[in-house]
Structures are given as C-alpha cells and as structure tokens.
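Remarks on the structure that follows.
The values are calculated or read from the model by the stated rules, or taken from the named source; none is laboratory data. Keep in mind the model is a prediction, meaning the values are calculated, not measured. Glycine also receives a Cβ, built like all others from the backbone with ideal geometry; neighbour counts cover every protein chain displayed.
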Amino acid sequence: MSVHTGIAHDDRSILGLLIEGAEDGVEGVLITLTGIEGGSSRGIGAQMAVLADGRSAGSFSGGCVEAAVIAEAQDVLAQGHGRTVRYGIGSPYLDIRLPCGGGIDLLFTPRPDPAVLREALARLDQRKAAVLRLSEGAALLSDTPGARGFQRAYAPPLRLVALGHGEDLTALVRLSRAFGIRVEAYAPEGDRIAAAEPGVIPLASRTALPELVGDPWTAFVFLFHDHDWEEQLLPHALAQDGFYHGAVGSARTHHARLAGLRAIGVPQASLDTLRGGIGLIPATRDPATLALSILGEVVQDYQACAGMPGWSGRAPGRIGHDPASHVPTRN
C-alpha cells in the first residue's frame, strides 16, 4: 500500500503506510505541518507518517528534523494522546534548529482510523477530491458530522495526456513517468521513435479520434511538428475538462492555430484556455529541455489548481492564459 512510483513519497504513500501498519497490527501517527514562522522548506499541509516500529514516509526538511519527529511520534503513541509541537524558532527543543532559520508547528494525530484513510484514497482513485479534518484526537473526513480541526485537502494525482511526434513526445513521457505522473500518450501510426516507447498508442489517421477523457486534474499537451494533426485532435481535447491545454509552437504558429480553430466554430471560451509557446524555459533547443520546461509548467499549474497549499476544497477549473505573454519555444 505504501509503495510509491515517483521520485519521493506523496500523499498516497504517506496515508498508505499508516493503512499498511494497521493491517500488520502496528500503530502509527499522522503528522501535519500546520503553521510556519519565517522560512520553511515545506508548505502548510506537508505530512509524514510514522509507525511504532520506526518506519516512516514523508519529510519536513532535508533531514535535520525527521529523526526528532519520529522519536516524538513514538512518544505520542506511548503516552496515548496527540499533541502539537513547535520545532525551530520558539521551540522547547533548543538543540533542533531548521536550516532556513524559521519555525514550524507539527500536529501529531495518533492512530488515525484506517477506514477513514482508505475512504480518502478510494475517492482519489475515483478521481475525486478528499478532505480530512485533523486534530490531536482524530482524523475525520470533512463531511463527517461534527468534524473539526485542521483541514487538509487531497487532490487526485496529476494525469497527463500527451499527443505528438518523435523525441519531443517520448522525452515528455519518460520524464513524466519518472516523476510519478500517470501518462496517456498518442503518436501517429508509423512514427518509428514514438512507437519504440512502451505504452504509446498509435493514431491511425488525422480523423480517427481517440477516446480522450478529461477531468479537472488532467493536462493535455500537444507536441506535433506537423500541425495538420491538430485540426481534429485539438478541438476534441478542448472539449474535455482539464486544468491545462497547451501546444508547442511559435507565436505566429499559435496565432494561425487559433484562427483555424475559430473558423471551424471552436468557442472562444475554449480558445482562451489553449496555451501556445508552452513551457517555463523560452526557446528550448533539445527534446529533454523542452520536456523539462513543459513538465515544470504543468506541475506548477497543477499545484495551483489543486490547492497546494491552502486549497479551499472546491474542484479546480480551467486556468486562463494569455498566449501573447509567453515567449515562443519551438516551431
């Protein structure tokens, strides 16, 4: 349950470790960052899970506080009740200092009900949001009558639908998978480079549309250099819900793209969500850098719409974008 596929622990593996411990008869503590004074390497809502046998998932720093948190969690289990502890500035632990020079408040919630955690993960599996109310005494779903405490929202994992050609597509697919993102990739049939990448789905023709399905936590990215492939596929993707719709290309290419879509009746509201010249790094010259540039922008926007930190619990909608404000990348 606690196995993770990305480069570090995430919400699913943190909650999963506590469920795994409960199934093995090992008690655990869910620890949540609820307050920050000064600087911190993690944001409000960051979490760790600690089991009585010392196993843990998650972190609050680069390693300067985790050993103390594990020891505190084990003491919480021994004492039988939760607590909130300050580390860094204003802490009673004078020997523990954070490298950023700030202070953090950590809420220790012992023995969270595994049924509640399973339900939260089940909602994420269904591509629905989940919100827990956390206190020193319990972890409850926010829709539980009388639930009070610190509100911690969990968004479904980022999902990427990528459509394109060659190395640009495969580089984005590989980097996204390494990051732990669920990827659905499409390339024209006969694309030798893309066909060699496991899991890439062939597109038989420009008019044979795949069954694209979006949701508020899905990003659609177009990486075609032959932009004729966009004529039918882009309107199909824009009709799907998603927090990000983008396509590579210069400002001139994007202007022509928008004009073509407008001419076939794509609503202006949909066109306003389509980004051109995508990515955080302008004028990239190789597929790996382009992939990193695009993935950075996608993850940045996912975190914003999923509310990391401070999400209100409302499902995110599409984020508008002014194509003229973005420096063109390639094509």
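Can you pull out the residues in the range 275-304 that are touching a Gly at 6+ places or on another chain (Cβ under 8 Å) and at pLDDT below 85?
none
Go through the range 246-271 and give me each residue that's at pLDDT 95 or above, exposed (fewer than 14 other Cβ atoms within 10 Å of the Cβ) and of a type in the set (D, E, K, R).
ARG262 - this is the single residue of the range 246-271 that is at pLDDT 95 or above, exposed (fewer than 14 other Cβ atoms within 10 Å of the Cβ) and of a type in the set (D, E, K, R).
Go over the candidates GLY28, GLY38 one by one and state the one that is buried (at least 22 other Cβ atoms within 10 Å of the Cβ) and touching a residue at least 60 places away in the same chain (Cβ under 8 Å). Talk me through it step by step, then tell me what you get.
On the way: GLY38 fails: buried (at least 22 other Cβ atoms within 10 Å of the Cβ).
Among GLY28, GLY38, only GLY28 is buried (at least 22 other Cβ atoms within 10 Å of the Cβ) and touching a residue at least 60 places away in the same chain (Cβ under 8 Å).
Would you confirm, using the coordinates I've provided, whether PRO216 is under 29 Å from GLN126 (Cβ atoms) and touching a residue at least 12 places away in the same chain (Cβ under 8 Å)?
Here the answer is yes, as PRO216 does meet what is asked.
In the range 197-208, is there at least one residue being assigned by TED's automatic domain parsing to the domain that holds VAL266, in contact (Cβ under 8 Å) with a residue 60 or more places away in the chain and not in a helix (DSSP H, G or I)? Let's see the steps before the verdict.
The first filter runs over the range 197-208 and keeps only residues assigned by TED's automatic domain parsing to the domain that holds VAL266, leaving 197-208.
Going one step further and asking which of them are in contact (Cβ under 8 Å) with a residue 60 or more places away in the chain, we end up with none.
Scanning the range 197-208, I find no residue that is assigned by TED's automatic domain parsing to the domain that holds VAL266, in contact (Cβ under 8 Å) with a residue 60 or more places away in the chain and not in a helix (DSSP H, G or I), so the answer is no.
Residue under question is ASP286, and the condition is that it be of a type in the set (Asp, Glu) and closer than 30 Å to ASP143 by Cβ; does it hold? Break it down stepwise before answering.
Values: of a type in the set (Asp, Glu): yes; closer than 30 Å to ASP143 by Cβ: no.
For ASP286, the condition - of a type in the set (Asp, Glu) and closer than 30 Å to ASP143 by Cβ - is not met.
Applying the selection to the range 251-280, what residues are touching a residue at least 24 places away in the same chain (Cβ under 8 Å), within 21 Å of THR170 (Cα to Cα) and not charged (D, E, K, R)?
GLY276, GLY277, ILE278, GLY279
As an exercise: evaluate GLY307 against (1) out of contact with any His (no Cβ under 8 Å at 6 or more places or on another chain); (2) modelled with pLDDT of 95 or more and give the number of the one condition it does not meet.
Of (1) out of contact with any His (no Cβ under 8 Å at 6 or more places or on another chain); (2) modelled with pLDDT of 95 or more, only one is false for GLY307: (2).
Do the conditions hold for GLU231, that is, is it of a type in the set (D, E, K, R), modelled with pLDDT under 95 and not in a loop (DSSP other than H, G, I, E, B)? Before you say what the answer is, go through the steps one by one.
Details: of a type in the set (D, E, K, R): yes; modelled with pLDDT under 95: yes; not in a loop (DSSP other than H, G, I, E, B): yes.
Here the answer is yes, as GLU231 does meet what is asked.
Quick one: count up the residues across the range 19-34 that are touching a helix residue (DSSP H, G or I) at 6+ places or on another chain (Cβ under 9 Å) and part of a strand (DSSP E or B).
4
Yes or no, residue by residue, for (1) touching a strand residue (DSSP E or B) at 6+ places or on another chain (Cβ under 7 Å); (2) hydrophobic (A, V, I, L, M, F, W, C); (3) crowded, with 24+ Cβ neighbours inside 10 Å:
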residue	(1), (2), (3)
ILE201	yes, yes, no
ALA204	no, yes, no
PRO210	yes, no, no
ALA219	yes, yes, yes
PHE224	yes, yes, no
TYR244	yes, no, yes
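Tell me whether the range 118-126 contains one or more residues that are closer than 18 Å to THR32 by Cβ and more than 21 Å from the chain's Cα centre (by Cα).
No, the range 118-126 contains no residue that is closer than 18 Å to THR32 by Cβ and more than 21 Å from the chain's Cα centre (by Cα).
Six or more apart or on different chains, Cβ atoms under 8 Å: show the pairs whose first residue is in the range 111-129 and more than 19 Å from PRO157 (Cα to Cα) and whose second is in a helix (DSSP H, G or I) and modelled with pLDDT of 95 or more.
Final answer for the pair search is ARG111/LEU77; PRO112/LEU18; PRO114/LEU18; PRO114/ILE19; PRO114/ALA22; PRO114/GLU23.
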